[in-house]
Amino acid sequence: MQGGTHFIAGLAIGLGLLTLDRFQMPLTESLACLSAAGIGSLFPDIDTPDSKLGHMVKPLALAINKSFGHRGITHSPLLVVILFAFLEILLPDYHNLAIFFAAGMVSHLLLDMLNHKGIPLLYPLPVKFHIANLKNASVEELVIRMAFNITAFLLCFYHVKGMIQL
């Protein structure tokens, strides 16, 4: 999947979480959490120097790619758990940020499971799992991206409508 697809999916997941009573929060915190979901949705591709996030931190992306390759540890549920725990320890007063970041990462992993290359669900075991054979930048990916765009738009409308008393 392309970075744009991952990003809009992460935002849609974040907006969906904000509809839950558990995540009712001030607007500024909501925006911070949506940012965390968006960053989390791009984070697994930090192992690729030419990805949206990898391009911003190219030396780090090159080092990760050289050490682990693409779709290695950065595409594993194990790293989601490790980073969630790290954020919980580092930022104990910002629990929601860790949740939204992890949700963004999970959305990335699920989308990459739609590609024939799959992801290492049982990392460090080298076997990769996939649930479909979609090609990157295909018509099918465009349909998925449009579905997430529509979902994100509708969820934004839902949230704005809730803030404005008509």
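Any chance you could count how many residues in region 30-59 are acidic (Asp, Glu) and touching a Leu at 6+ places or on another chain (Cβ under 9 Å)?
So the answer is 1.
Residues in region 114-129 that are touching a Ser or Thr at 6+ places or on another chain (Cβ under 6 Å) and either farther than 12 Å from Arg71 by Cα or surrounded by fewer than 20 Cβ atoms within 10 Å (Cβ to Cβ) (or both): how many? Can you show your working first?
Within region 114-129, the subset touching a Ser or Thr at 6+ places or on another chain (Cβ under 6 Å) is 120, 123.
This time we only want the ones that are either farther than 12 Å from Arg71 by Cα or surrounded by fewer than 20 Cβ atoms within 10 Å (Cβ to Cβ) (or both), so: 123.
Here the count works out to 1.
Only one of these conditions is not met by Gly69: (1) surrounded by 14 or more Cβ atoms within 10 Å (Cβ to Cβ); (2) at positive phi. Which number is it?
(1)
Any residue in region 31-55 that is under 13 Å from Gly10 (Cα atoms) and touching a residue at least 24 places away in the same chain (Cβ under 8 Å) sitting within a Cβ distance under 7 Å of a residue that is of a type in the set (Lys, Arg) and assigned to a helix (DSSP H, G or I)? List the pairs, counting only those 6 or more apart or interchain.
As it stands, the answer is Leu42/Lys52, since those pairs meet every condition given.
Identify all residues within region 86-106 that are closer than 23 Å to Ala9 by Cα and outside any helix (DSSP H, G or I); write none if there are none.
At the first step, the residues of region 86-106 found to be closer than 23 Å to Ala9 by Cα are 87, 94-106.
Result: Tyr94, single match.
Go over the candidates Leu111, Leu53, Leu91 one by one and state the one that is more than 21 Å from Val127 (Cβ to Cβ) and crowded, with 18+ Cβ neighbours inside 10 Å. Break it down stepwise before answering.
Details: Leu111 fails: more than 21 Å from Val127 (Cβ to Cβ); Leu91 fails: crowded, with 18+ Cβ neighbours inside 10 Å.
Residue meeting the stated conditions: Leu53.
Looking only at region 115-132, decide whether some residue is of a type in the set (Ser, Thr, Tyr), in a helix (DSSP H, G or I) and closer than 19 Å to Thr74 by Cβ. Spell out how you get there, then give the answer.
Pass one, region 115-132, residues of a type in the set (Ser, Thr, Tyr): 123.
Those still in the list that are in a helix (DSSP H, G or I) too: none.
No, region 115-132 contains no residue that is of a type in the set (Ser, Thr, Tyr), in a helix (DSSP H, G or I) and closer than 19 Å to Thr74 by Cβ.
Could you go through region 20-36 and let me know if any residue there is surrounded by fewer than 20 Cβ atoms within 10 Å (Cβ to Cβ), of a type in the set (Val, Ile, Thr) and within 17 Å of the chain's Cα centre (by Cα).
no
Rule-based calculations on the coordinates, nothing more; no lab input. Values in this document were obtained by computation on a predicted structure and should not be read as measured data. Note: ideal-geometry Cβ built from the backbone for every residue, glycine included; neighbour counts use all protein chains shown.
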